[in-house]
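Reviewing the structure listed below.
The values are calculated or read from the model by the stated rules, or taken from the named source; none is laboratory data. Worth saying up front: this structure is predicted, and the values here are computed from it rather than measured. Positions of Cβ are backbone-derived with ideal geometry, glycine not excepted, and every protein chain shown enters the neighbour counts. Surface areas here come from the heavy atoms of the whole protein model, side chains and all, with no ligands, DNA or RNA. Shrake-Rupley method; radii C 1.70, N 1.55, O 1.52, S 1.80 Å.
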Amino acid sequence: MTAPEKLLEVNHLKKYYPIRGGVFGRKVGEVKAVDDVSFTVRKGETLGIVGESGCGKSTTGRSILRLEEPTSGSITFEGEDLTSLSGEKMRRMRREIQMVFQDPFASLNPRKTAGLAIAEPLEVHGLGDRRERGEKVKELLSVVGLDPYHGERYPHQFSGGQRQRIGIARALAVQPKLIIADEPVSALDVSIQSQVLNLMEDLQEKYDLTYVFIAHDLSVVRHISDRVGVMYLGGMVELADRDELYDHPLHPYTQALLSAVPTPDPEAKRERIILSGDVPSPADPPSGCTFHTRCPHVMDICREIRPSFKNYGGNHFAACHLLEK
Amino acid sequence: MTKTLLEIEGFKMHFHTDKGVVKAVDGIDITVGEGEIVGLVGESGCGKSVTSLSVMGLVPTPPGKVEAGRIQLAGRNLTQLNAKDWRQVRGNDIAMIFQEPMTSLNPVFTIGSQMIEAIRQHRKVGKTEARERAEEALREVGISRKGILNEYPHQLSGGMRQRVMIAMAMVCEPKLLIADEPTTALDVTIQAQILDLMRRLNREKGTSILLITHDLGVVAEMCSRVVVMYAGQVVEETDVHTLFRDPKHPYTMGLLRSIPQLDKRSERLYSIPGNVPNPRKMPTGCRFAPRCEHVHEICLQSNPPLFEIAKEQHTSRCWLHDGEEKEETDRDRTREIVGS
Ligand SMILES: Nc1ncnc2c1ncn2[C@@H]1O[C@H](COP(=O)(O)OP(=O)(O)O)[C@@H](O)[C@H]1O
Ligand SMILES: Nc1ncnc2c1ncn2[C@@H]1O[C@H](COP(=O)(O)OP(=O)(O)O)[C@@H](O)[C@H]1O
Ligand SMILES: [Mg+2]
Ligand SMILES: [Mg+2]
């Protein structure tokens, strides 16, 4: 059996934001938004990343594209380390990796028609002439399920679901290999959410796309992903094949997170693990295992030593001292 | 049957804007019994918040105008209250928590002063005792942080602010709590805490809850009865078990089939085609007809009434039940004849 081809490899990624204070704006601390995260993405798969708000999902996604400059670590795409690429090379690389955002409205210029918005990445990368770009826009609109006349309209004339379709068309314009979708359906009603999820699945099949799908909704992530990583306070605490992760979660945080999701079935009876308190601040993360302040199984060692992220068989990775015994 | 606490009857709240009339709430009937938790679900823009704000007397008029119907709380008609009576009802009888609690907490006063004022409005107690009660209520909702009473709302996390709102509801013991998307902005682990507290409020203090949400998982877990709204109208109402097991309205069925499930994985999600109608240009017939897979000629011509289904306190606004209902009454008639 041949190992699946790696498209992207993230190694020991860290992104710290300085906290400045005082009259001279000196650095007085750091927000450890992403703190030593490693994972790979295989060609053609969807890797889901879940976790509560503020745990570093978006920063991880943005760092891959170097929309945020990583503090340290490496990001290897098709064998090339993106962190060491010069401006021009990185710009070319951005054709291969595109991003889809939660609020496509915010990323669309309100005075630009949808057609112009979709054509923009083509212009940026100098692809095609005016006429060819026009043709391409029509094709893209139809690919995402919109009509040609939609190209003449402005962002405010679209519903949330339609705006997300435009965001997707825009990302597809330059024929990327990898799409990083950051909460692409979080702002949509369920009936519209399922339309967009189905569209993303169809496009993946049609264009051989690889997705990093970031979301806080665990049911959505289960639906769309092949493998899923769980983040907590800047770290990846667990990563496994989808069904393995949902059916046999190893990390106490994953277990609590899954148990907290309300099931749309009034007959279902489940043990609920209710975690106390809020997620601590990444500016002052707890010592040792960052989850120890809320963990129902906390031991002495958890307060002192950060558990390492290990393979517990079948490529099921987790970082927890309980598992090391 | 429990005693009725809240009764919304034939209620219409329309907005008169420059661009036309928005029939945000267009003839709804909803009741909440004593001690009951009723869910109100539907997609954004279907009129859930306007309904909840109407019950609280918080819809700005104009542009809003009550076109028809009334809202009664324990037999008292709320649609005719003056400003002074409203303040009293809002303090004592009905409490509300919103999606963003910053809108219900005043940003310029400390948590302590707001809680103490609310308690003293409600009970004849001194400042010190009110303070003690506030602290006790905060402990009950899991906030034991020292000095919290001296903090301002913006210093608290979203989950904490929501817990403060519930703590206030706990001391004031309102008859009815209106919770409008109380956990939508929160993470699931925090949502679980808040839902748990609301359940306790309901069990321990007997507070009735009208829980507004678009999350059918939350509904399944919290509510005994569910009202489904679409485009300003109630389209289906039944007990929670029937709703999930045997939904009748094509919109409800579509919604239920659209949600990805945590414990089952379907290969492809069902999706309701199209979008909710523009509230200024409602379809003439059934408001769901343009998106419905069972659409018939009649659906495009006339908006169906709510049909009673099999007399189980289950109603559905769909012409598909037209024949069924006749059958039902026919059978009843036969039974009557046989019985007599
Ligand atoms: N530009 C920035 N400056 C300082 N802190 C930031 C910045 N961007 C994000 N953060 C912080 O980093 C943490 C992770 O944020 P983010 O990656 O957006 O989390 P998520 O997407 O999981 O909600 C948060 O605590 C956030 O406040
Ligand atoms: N003050 C207002 N003026 C005009 N239209 C309004 C006003 N408030 C709400 N609406 C409209 O009423 C409809 C129902 O809104 P709302 O009750 O907020 O929906 P939801 O079900 O999402 O809570 C929407 O079309 C909304 O735009
Ligand atoms: Mg984010
Ligand atoms: Mg609302």
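Number of residues in region B:268-317 that are over 27 Å from A:Arg163 (Cα atoms), open to solvent by less than 100 Å² (accessible area, probe 1.4 Å) and at pLDDT below 90: the value is 2. When B:Arg120, B:Arg131 are checked against the criterion of being in contact (Cβ under 8 Å) with a residue 12 or more places away in the chain, open to solvent by 40 Å² or more (accessible area, probe 1.4 Å) and farther than 30 Å from B:His214 by Cβ, B:Arg131 stands alone in meeting it. Being in contact (Cβ under 8 Å) with a residue 24 or more places away in the chain, part of a helix (DSSP H, G or I), open to solvent by 10 Å² or more (accessible area, probe 1.4 Å) and farther than 14 Å from A:Ala119 by Cβ is the filter here, so list the residues in region A:138-164 that pass it. Scanning region A:138-164 gives A:Val143, A:His156, A:Gly160, A:Arg163. Note on region B:39-58: residues that are more than 7 Å from ligand 2 (Cβ to nearest atom) and away from chain A (no Cβ under 14 Å) total 8.
Selection of region B:157-185 for residues being open to solvent by less than 30 Å² (accessible area, probe 1.4 Å) and within 16 Å of ligand 1 (Cβ to nearest atom) yields B:Gly158, B:Gly159. Residue count for region A:280-325 under the criterion of being part of a helix (DSSP H, G or I) and either in contact with a Lys or Arg (Cβ under 7 Å, 6 or more places away or on another chain) or surrounded by fewer than 20 Cβ atoms within 10 Å (Cβ to Cβ) (or both): the result is 7. Just give me the residues in region A:24-70 being more than 11 Å from the chain's Cα centre (by Cα), without any contact (Cβ under 8 Å) to a residue 60 or more places away in the chain and either within 12 Å of ligand 1 (Cβ to nearest atom) or over 24 Å from A:Met93 (Cβ atoms) (or both), in sequence order. Within region A:24-70, A:Phe24, A:Gly25, A:Arg26, A:Lys27, A:Val28, A:Leu67, A:Glu68, A:Glu69 meet the criteria.
Just one of the listed residues (B:Gly69, B:Gly35, B:Gly75, B:Gly10) is more than 13 Å from ligand 2 (Cβ to nearest atom), under 20 Å from B:Val219 (Cα atoms) and surrounded by fewer than 20 Cβ atoms within 10 Å (Cβ to Cβ), and it is B:Gly35.
Among the criteria (1) farther than 30 Å from B:Arg257 by Cβ; (2) more than 12 Å from chain B (Cβ to nearest Cβ), the one A:Glu244 does not fulfil is (1).
Of all residues in region B:225-239, one or more are at pLDDT 95 or above, in contact with a Ser or Thr (Cβ under 6 Å, 6 or more places away or on another chain) and open to solvent by less than 20 Å² (accessible area, probe 1.4 Å). Looking across B:Gly42, B:Gly57, one residue alone is surrounded by fewer than 22 Cβ atoms within 10 Å (Cβ to Cβ) and away from ligand 3 (no atom under 16 Å from the Cβ). It is B:Gly57.
Residues checked against (1) of a type in the set (D, E, K, R); (2) within 16 Å of ligand 4 (Cβ to nearest atom); (3) in contact with a strand residue (DSSP E or B) (Cβ under 7 Å, 6 or more places away or on another chain):
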| residue | (1), (2), (3) |
| --- | --- |
| B:Phe11 | no, no, yes |
| B:Trp86 | no, no, no |
| B:Ile97 | no, yes, yes |
| B:Ala118 | no, no, no |
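Of all the numbered requirements in (1) touching a residue at least 60 places away in the same chain (Cβ under 8 Å); (2) within 16 Å of ligand 1 (Cβ to nearest atom); (3) not in a loop (DSSP other than H, G, I, E, B), A:Glu244 misses one, and that requirement is (2).
The number of residues in region A:260-279 being crowded, with 16+ Cβ neighbours inside 10 Å and either in contact with a Pro (Cβ under 6 Å, 6 or more places away or on another chain) or at the interface with another protein chain (Cβ under 7 Å from one of its Cβ atoms) (or both) comes to 9.
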